[in-house]
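The values are calculated or read from the model by the stated rules, or taken from the named source; none is laboratory data. As the structure is a prediction and not an experimental result, all values here were calculated from the model. Quick reminder, even Gly has a Cβ in these numbers, built from the backbone with ideal geometry, and neighbours come from all protein chains shown. With ligands, DNA and RNA removed, areas are computed over all heavy atoms of the protein, side chains included. Shrake-Rupley method; radii C 1.70, N 1.55, O 1.52, S 1.80 Å.
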Amino acid sequence: MNYPTNRFQQLQTPFYYYDLQLLRRTLSEVKAHLQPNFHVHYAVKACATPAVLAEICRAGLGCDCVSGGEIQACLDAGFPADRIVYAGVGKSDREINLALEAGIQCFNVESLPELDIIDELAQAKGTVARIAFRINPNVGAHTHANITTGLAENKFGIDMQDMLPAIRHAQSLRGVELVGLHFHIGSQILEMNDFQALCGRINDLQDTLEAEDIRLQSINVGGGLGVDYEQPDEHPVPNFRDYFATYARGLELRPGQEVHFELGRAIVAQCGSLITRVLYVKSNAIKRFAIVDAGMTDLIRPALYGALHRIVNLSHPLAPEEVYDVVGPICESSDVFAKDYTLPALQRGDLVALQTAGAYGQIMASSYNCRPLPPAVTSEE
Ligand SMILES: *Cc1c(COP(=O)(O)O)cnc(C)c1O
């Protein structure tokens with residue numbers, strides 16, 4: 001990734017930098033590998049920065065929301081309501097009403113009590129909500145335990161053995177129309193075999209439904225495709241070819257069925273970096289610390305998941321190398337971006353980039369320690 005370091009000199013750090021050219025390249029790769037019956041909804045929770053949403057909207061993708069606030073952000077960004085799908089285990093009445101009034105494409109329903117409330121609220125408005133059941137396929141993913149979602153122990157969705165009674169119940173309600181099934185097994189998944197396993201599970205469930213004479217318009221397989229955090233410059237665009245080919249080969253679709261995808265990280269992670277400045281370098285008997293002006297309040301993934309973002313010295317890329325613990329200013333011992341990390345020697349004032357921070361970065365920022373939220377800067381301002 002190329003950084004406009006001279007421009008950065010003028011700016012107050014920390015901030016998020018988004019390379020919109022890379023985002024556009026990523027979006028055109030996504031579109032290049034779609035089958036005619038494949039539809040992609042961008043998972044807004046990865047990054048809802050207006051300039052990023054606008055670019056994704058312009059590319060013609062739909063969006064996948066998990067709250068009323070996200071639905072509003074998408075409507076504000078110009079997404080047509082009929083391309084919005086809405087998941088979440090705890091949808092409030094206010095959020096459901098907002099989605100009904102907007103006329104979204106589909107509610108991904110995660111429990112029977114939720115189904116009954118959507119039915120009731122839709123009938124009160126004299127409308128019919130299109131719904132899909134989120135099924136917990138009990139498929140593990142080879143990823144961090146905090147970001148698996150498709151195991152029986154996870155809170156998401158409806159168990160497979162409850163699928164048929166749930167469908168029968170939905171068919172008896174006047175305020176909802178069942179259009180499909182929804183799945184999402186986790187995030188940062190790099191093994192195509194995990195997606196293949198999901199396809200197998202979906203095929204079995206479709207056989208069960210066929211035996212009961214139940215037909216569905218759509219299958220939503222969720223998101224979860226991972227990115228290369230270690231070598232972002234070598235792999236700035238994820239392997240969408242293999243990803244979509246896995247589903248094209250693996251799913252046994254019925255005639256006319258659509259497949260919906262909900263990709264978040266894979267679309268926005270690589271185009272974003274957190275830009276920070278070195279405040280101090282200090283050493284003790286065993287460590288050399290580089291203290292930067294960004295912390296876990298700006299990028300929480302290292303503290304939350306033990307994630308490692310590649311760190312680049314933008315100011316002195318050719319300086320001799322040294323080993324650092326790169327840490328933030330927050331009063332928490334977990335406010336560490338990297339331990340024993342080798343970098344061209346850092347000095348006070350150097351600009352540093354934490355790469356692959358476009359997804360689950362800025363959007364997760366907090367004001368802990370009364371810190372201001374990091375702003376966004378794009379390649380095109
Ligand atoms: C978070 C989420 C996604 C997106 O996950 P990524 O790993 O960012 O692709 C998709 N669908 C649902 C329901 C989610 O909660």
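Given a 1.4 Å probe and the protein chains all in place, what does the accessible area of residue 308 round to, in Å² to the nearest 10?
Using a 1.4 Å probe on the heavy atoms, I get roughly 90 Å².
Can you pull the percent of the chain's accessible area that's carbon plus sulfur, 1.4 Å probe, other chains left in place? Each step should come with its number before you reach the end.
Details: 7950 of 16250 Å².
That share works out to 49 percent.
In Å², what does the accessible area per residue of the chain work out to with a 1.4 Å probe?
On the way: 16250 Å² over 381 residues.
Counting only protein heavy atoms, the per-residue value for the chain is 43 Å².
How about segment 169-253: which GluC sites (Glu not before Pro) there lie in a loop by DSSP and see at most 15 other Cβ atoms within 10 Å?
Values: sites: 177, 191, 210, 212, 230, 234, 252; in loops: 191, 212, 230, 234, 252.
Qualifying residues, ordered by number: 191, 212, 230, 234, 252.
For segment 167-271, calculate the relative contact order in percent as a whole number, restricting contacts to Cα pairs under 8 Å that are 6 or more residues apart.
Details: 124 pairs, mean separation 37.1, N = 105.
Contact order relative to length: 35 percent.
Mind checking segment 107-194 for chymotrypsin sites (Phe, Trp or Tyr not before Pro) that DSSP puts in a loop (not H, G, I, E or B) and that have at most 16 other Cβ atoms within 10 Å? Working shown, then result.
Numbers: sites: 107, 133, 156, 183; in loops: 156, 183.
Here no chymotrypsin sites (Phe, Trp or Tyr not before Pro) fit, given the DSSP loop and packing criteria.
Please give the solvent-accessible surface of residue 228 in Å², to the nearest 10, using a probe radius of 1.4 Å with every protein chain present.
Surface open to solvent at residue 228 totals about 40 Å².
Using the Cα gyration tensor of segment 20-268, with a ≥ b ≥ c the square roots of its eigenvalues, what is the shape: rounded (a/c below 1.5), prolate (a/b larger than b/c) or oblate (neither)?
Details: a/c = 1.72, a/b = 1.24, b/c = 1.39.
Oblate is the answer for segment 20-268, as a/c is 1.5 or above yet b/c matches or exceeds a/b.
Only sites in a loop by DSSP and with at most 15 other Cβ atoms within 10 Å count here; which trypsin sites (Lys or Arg not before Pro) in segment 247-298 make the cut? Mind showing how you got there, number by number?
Values: sites: 249, 265, 277, 282, 287, 288; in loops: 287.
Passing both the DSSP loop test and the Cβ count: 287.
Among 225, 333, 237, whose Cα lies farthest out toward the positive end of the dipole of the chain, if unit charges sit on the beta carbon of Lys, Arg (+1) and Asp, Glu (-1)?
333
About its Cα centre, how strong a charge dipole does the chain have in debye, to the nearest 20, once Lys and Arg get +1 and Asp and Glu get -1 at the Cβ?
Values: 30 positive and 45 negative charges, 162 e Å.
Dipole size: approximately 780 debye.
Just the number, please: Stokes-Einstein D of segment 320-368 in µm²/s, Kirkwood Rh from C-alpha pairs, 10 °C, 1.306 mPa s. Mind dumping the intermediate values first?
On the way: Rh = 12.7 Å.
Once the numbers are plugged in, D ends up at 125 µm²/s.
Give me the accessible area of residue 22, 1.4 Å probe, in Å² rounded to the nearest 10.
Approximately 20 Å² for this residue.
What percent do you get for the relative contact order of segment 20-268 when only Cα pairs under 8 Å and 6+ apart count?
On the way: 458 pairs, mean separation 54.0, N = 249.
RCO, segment 20-268: 22 percent.
Please go through the residue pairs 125/155; 31/91; 282/339; 91/155 and name each one whose alpha carbons sit more than 25 Å apart in this structure. Each step should come with its number before you reach the end.
Values: 125/155 30 Å; 31/91 31 Å; 282/339 14 Å; 91/155 14 Å.
Going by Cα-Cα distance, 125/155; 31/91 fall outside the 25 Å limit.
Per DSSP H run of at least 4 residues, take -39500 (n - 2.57); add these up for the chain, divide by its residues and hand me the 222 nm value, nearest 500 deg cm²/dmol.
Details: 11 runs with 109 residues, N = 381.
That comes out to -8500 deg cm²/dmol.
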